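The values are calculated or read from the model by the stated rules, or taken from the named source; none is laboratory data. Model, not experiment: these values are computed from the prediction. Here the Cβ positions follow ideal geometry from the backbone for every residue, glycine too, while neighbour counts run over all protein chains shown. Please note that ligands, DNA and RNA were not included when accessible areas were found on the heavy atoms of the full protein model with its side chains. Shrake-Rupley method; radii C 1.70, N 1.55, O 1.52, S 1.80 Å.
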Amino acid sequence: MTQEQSIGIVVPQTAHFSTPLPLKSGGALAEYDLVYETYGTLNAARSNAVLVCHALSGSHHVAGIDADSGAVGWWDNLVGPGKPLDTGRFFVIGVNNLGGCYGSSGPNSTNPATGKPWGADFPFVTVEDWVDAQARLADQLGIERFAAVVGGSLGGMQALSWTLQYPERVAHALVIASAPKLTAQNIAFNEVARQAILKDPEFHGGHYYEHGVVPARGLALARMIGHITYLSDDAMGQKFGRTLRHDKPVFSYDVEFEIESYLRYQGDKFAGFFDANTYLLTTKALDYYDPAFDYDGDLVAALGRAKADYLVVSFSTDWRFAPSRSREIVYALMHSDRRVSYAEIDCPAGHDSFLLDDPQYHAVLRAYIDNIEV
Amino acid sequence: MSFQRYDYDVISNWIEPGERVLDLGCGDGSLLRHLSEHRQVRGYGVENDPERLLACARNGVNVIQIDMEQGLAGFDDGFFDHVIMSLSLQAMRNTQGILKEMLRVGHEAVVSFPNFAYWRHRQAILNGHMPVSKNLPYQWYDTPNVRFFTIADFETLCEQEDIAIHERLAFDEDKVIVEEPNFLASVALYRLGRNGSAGG
């Protein structure tokens, strides 16, 4: 086995598209940009491309070290030379989705029709729209068929959707810590997060850019709620417990418990770089995703057109995207006569487990990916 | 593949080409691999042990990680042609439950198990020790087996549970045993069906 290495310095690229993209919400995006990164080399047969789809707060910067900021990619432990998704073998693509805030067309980019930021006028985008846009990027890069499409959480929904929208263009889908659709409870968490943003006085109906402000308090609160649901009760207990900053109660609303400190820090940090409109759009994309909707809720029927092979992975302590939700996908795939394997990883870290490098998790990914033919 | 067990050939002969097969407690997936190579089955394994699951993934077979003791609730009635449990029934607590589940999701069940009444095992007990053999390779204190039963016991259970025995083959190592299997056979393999169904 090659020793695991970093990809090293990476530089994002921008692809411009001037053919209108029809959207599920009606209408179309007349033109748009997608920011992406690639790692490894596309082989002569163009058969070794792997698309990595990001989740709620992810970006195109999947792996390596960003040339400008020095930031390490969000899935760097998975992608690189000798790593489970080995860039010595595969040509890996990360793309910032439409509506994002990392350079792809989104609410904080300029609306070509007005010359001003899109703000709240940026159209609703769905998982299906993202996949359509990614397919156009694949066209531009000369990739007819992906060896694999990989994603966790919302990224897993994109991987699944790829196999339904473009069955001929995906050999394998790796659907990790995901669900075939959100539960009412899951939508409820998203709604509280959205209300926090929408009710921030500095939201200005989504046109806060023009006022030179950002709804930072609302966005921070939204992130705090999210963070609670990404961790398990045990993980939070072990990390923070009931530890008090002053070693005893001081009867104040300032930070006393360490968990308060952590959540406020995470919330404020996030509000410092993420766009509130993107957060709103993306949580709605999560809520709307339901491939069985047009099939009277029959997921087996919805998966009938798929042709890919699948690996589905869940984590024992993930309650936001619980193992039972992954099993729904697995059973539906099996009953659609798709090849599918399923691993339920015993990992204490909750939903965030999918970003960590639990040994069994990465060993399963490596074993599956090693068997992908290019 | 590292090695083949003689019971693979027996099971293989009971499977028609292209069948849907479910292998419960599929280990490293080598039986499924054998069946997909020799019978082109559409096969799925069930395994709850992380190491064995990993071996299946390396072996390139479909494997689903669930705890069979909880039943097979996610599997549709009659979806599989054959549901196999090879040398694992003795390690299951919910014996009756899993047999019922196997015959719910499969048209036929294939079950193999070590016969605890095999003469060498009886001899070990007579000598005052729990049997340790090729088919029972564990010491009493580290065995994964939780149910200790014989060919005679199993057939009594089948009668009691209204399970039809479509075929039985008994072996001492790779030798077929016809006479006195409960005494002379170390392993038994069964093709089982729901009573009242024609079977195959």
Return only the number of the condition from (1) in a loop (DSSP other than H, G, I, E, B); (2) open to solvent by less than 40 Å² (accessible area, probe 1.4 Å); (3) away from every other protein chain (no Cβ under 11 Å) that A:LYS307 does not satisfy. (2)
Return yes when A:LEU286 is within 30 Å of A:PHE124 (Cα to Cα) and either modelled with pLDDT of 95 or more or open to solvent by 20 Å² or more (accessible area, probe 1.4 Å) (or both) and no when it is not. yes
Quick check on this structure: which one of B:MET102, B:MET68 is farther than 19 Å from B:PRO181 by Cβ, surrounded by 19 or more Cβ atoms within 10 Å (Cβ to Cβ), within 17 Å of the chain's Cα centre (by Cα) and modelled with pLDDT of 95 or more? B:MET102
A:SER324 vs (1) more than 9 Å from chain B (Cβ to nearest Cβ); (2) in contact with a Gly (Cβ under 6 Å, 6 or more places away or on another chain); (3) free of Cβ contacts under 8 Å to residues at least 12 places away in the same chain: all pass except (2)
If you go through the stretch B:133-156 one residue at a time, do you hit one that is in a helix (DSSP H, G or I) and under 27 Å from B:GLY43 (Cα atoms)? yes
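Which one is nearest to A:ILE345 (Cα to Cα), of the residues in the stretch B:43-53 that are open to solvent by 10 Å² or more (accessible area, probe 1.4 Å) and in contact with a helix residue (DSSP H, G or I) (Cβ under 8 Å, 6 or more places away or on another chain)?
B:PRO50
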Within 23 Å of A:GLU373 (Cβ to Cβ) and of a type in the set (Val, Ile, Thr) - does that describe any residue in the stretch A:145-162? yes
How many residues, within the stretch A:352-374, are assigned to a loop (DSSP other than H, G, I, E, B) and closer than 20 Å to A:SER232 by Cα? 3
Sort out which residues of the stretch B:34-51 are more than 12 Å from chain A (Cβ to nearest Cβ) and within 16 Å of the chain's Cα centre (by Cα), and write them in order of number. B:HIS34, B:LEU35
Got a number for residues in the stretch B:63-74 being more than 7 Å from chain A (Cβ to nearest Cβ), in a loop (DSSP other than H, G, I, E, B) and of a type outside the set (Asp, Glu)? 4
Given (1) open to solvent by 30 Å² or more (accessible area, probe 1.4 Å); (2) more than 18 Å from A:THR283 (Cβ to Cβ); (3) touching a residue at least 60 places away in the same chain (Cβ under 8 Å), identify the lone condition not met by A:GLY205. (2)
Can you say whether A:SER341 is closer than 25 Å to B:ARG33 by Cα and within 14 Å of chain B (Cβ to nearest Cβ), as far as the supplied structure shows? yes
Say whether the condition of being among the polar types (S, T, N, Q), outside any loop (DSSP other than H, G, I, E, B) and surrounded by fewer than 20 Cβ atoms within 10 Å (Cβ to Cβ) is met by at least one residue in the stretch A:97-110. yes
Looking at A:GLY304, A:GLY297, A:GLY272, which one is of a type outside the set (Asp, Glu) and in contact with a Ser or Thr (Cβ under 7 Å, 6 or more places away or on another chain)? A:GLY304
Within the stretch B:154-163, can one find any residue that is touching a residue at least 60 places away in the same chain (Cβ under 8 Å) and of a type in the set (Asp, Glu)? yes
Residue list for the stretch B:10-32, restricted to those being open to solvent by 80 Å² or more (accessible area, probe 1.4 Å) and outside any loop (DSSP other than H, G, I, E, B): B:ASN13
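Within the bounds of the stretch B:52-62, is there any residue that is away from every other protein chain (no Cβ under 12 Å) and either in a loop (DSSP other than H, G, I, E, B) or closer than 22 Å to A:HIS362 by Cα (or both)? Break it down into steps so the answer makes sense when it comes.
Step one: of the stretch B:52-62, the residues away from every other protein chain (no Cβ under 12 Å) are none.
Among the residues of the stretch B:52-62, not one is away from every other protein chain (no Cβ under 12 Å) and either in a loop (DSSP other than H, G, I, E, B) or closer than 22 Å to A:HIS362 by Cα (or both), which makes the answer no.
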Would you please list the contacts, defined by Cβ atoms under 8 Å and residues six or more apart or on different chains, that run from a residue in the stretch A:172-194 that is within 26 Å of A:LEU219 (Cβ to Cβ) to a residue that is in a loop (DSSP other than H, G, I, E, B) and of a type in the set (D, E, K, R)? A:ALA177/A:ASP318; A:LYS181/A:ASP290; A:ASN186/A:ARG320; A:PHE189/A:ARG320
For A:ILE329: the one exception among (1) open to solvent by less than 10 Å² (accessible area, probe 1.4 Å); (2) facing chain B (nearest Cβ under 9 Å); (3) in a helix (DSSP H, G or I); (4) not hydroxyl-bearing (Ser, Thr, Tyr): (2)
Could you count how many residues in the stretch A:260-280 are free of Cβ contacts under 8 Å to residues at least 60 places away in the same chain, closer than 20 Å to A:SER105 by Cα and part of a helix (DSSP H, G or I)? 1
Report whether or not A:VAL312 is farther than 30 Å from A:ALA216 by Cβ and without any contact (Cβ under 8 Å) to a residue 40 or more places away in the chain. no
